[in-house]
Amino acid sequence: MSTAPLDLRGVFTALVTPFTKDGSAVDFKSLEKLVDFQLGAGVQGFVACGSTGEAATLTPQEYVDVVRCVRSRTRGVCPCIAGISVSSTKLAIDTARALEELGCDGILLAAPPYNKPSQAGLIEHVRAIADSVETPIVAYNIPGRSGVAFSPATLGTLSKERLIAGIKESSGSRSEEHTSE
């Protein structure tokens, strides 16, 4: 399946996930205020539960609740993209399906952390997710967190096959020094 179009023009805020003062729970009132403040400032979209949003520290239920909260504030106003950074392709597919049910406009998909897949493995990972949902995928190139970069050739393949709608580049390098084949 090819990805649907996704307008990525403008400023998309990578949201932090605020916690209560004692750190025991997500502070949803503060999250709502943060989203509303950003909307008032004129941002064009949001990224929930990316690396800035501390998704790796959230329980599965907190993750869903944070995305649901952000989506409820942005629905009909601007796009909401949610991050997926998990080692299992099956878990990534299940998460992508949950994000689709929540009405997310896009998925920010990092390379599977810890696994360090080959470039062919990255293509198969993205392809399996794209074949499972209609929600557009944005490849998230963040080798410092995932342990492997999407090479320019891999990104070209994913783009030519219409498996991705865009790229979030966070490698800190425009060369292939962080890539592995």
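Note down the net charge around Leu15, summing +1 for each Lys or Arg and -1 for each Asp or Glu among other residues with Cβ under 15 Å from its Cβ.
Taking every other residue near Leu15 into account, the sum is -1.
May I ask you to compute the full-extension gain from Ser171 to Ser88, defined as 0.36 nm times their residue separation minus their alpha-carbon distance, rounded to one decimal in nm?
Extending this stretch completely gives an extra 27.7 nm.
Quick one: angle between helix 60-74 and the longest Cα principal axis of the chain, in degrees between 0 and 90, rounded to 10, please.
70 degrees
For the range 92-167, state which GluC sites (Glu not before Pro) are in a DSSP loop and have at most 15 other beta carbons lying within 10 Å of their beta carbon.
Details: sites: Glu100, Glu101, Glu124, Glu134, Glu161; in loops: Glu134, Glu161.
Sites meeting the loop and neighbour criteria: Glu134, Glu161.
Give me the number: length gained by fully extending Asp36 to Arg145, i.e. 0.36 nm times residue separation minus the C-alpha to C-alpha distance, one decimal in nm.
36.3 nm
To make sure I understand the rule: partners must be lysines, Cα under 29 Å from the Cα of Lys168, and not fewer than 8 residues away in the same chain. Which ones qualify?
Lys29, Lys33, Lys90, Lys116, Lys160
Using +1 at the Cβ of each Lys and Arg and -1 at the Cβ of each Asp and Glu in the range 53-160, identify which of Thr135, Ala56, Ser146 lies farthest towards the dipole's positive end.
Result: Ser146.
Could you work out how far helix 89-102 tilts from the main Cα principal axis of the chain, as a 0 to 90 degree angle to the nearest 10?
Approximately 40 degrees, to the nearest ten.
For the range 1-124, what class follows from the C-alpha gyration tensor (a ≥ b ≥ c being the square roots of its eigenvalues): rounded when a/c is under 1.5, otherwise prolate if a/b is larger than b/c, else oblate? Don't skip to the answer; put the middle values down first.
Numbers: a/c = 2.00, a/b = 1.31, b/c = 1.53.
Taking the square roots of the gyration eigenvalues as a ≥ b ≥ c, the range 1-124 is oblate.
How far, in degrees from 0 to 90, does helix 119-130 lean away from the longest principal axis of the Cα atoms of the chain, to the nearest 10?
Result, in degrees: 50.
Bear in mind that the values in this text are calculations on the coordinates, not laboratory data. These numbers come from a predicted model, not from an experiment. When we count neighbours, we look across all protein chains shown, and the Cβ atoms used for this are built from the backbone with ideal geometry, even at glycine.
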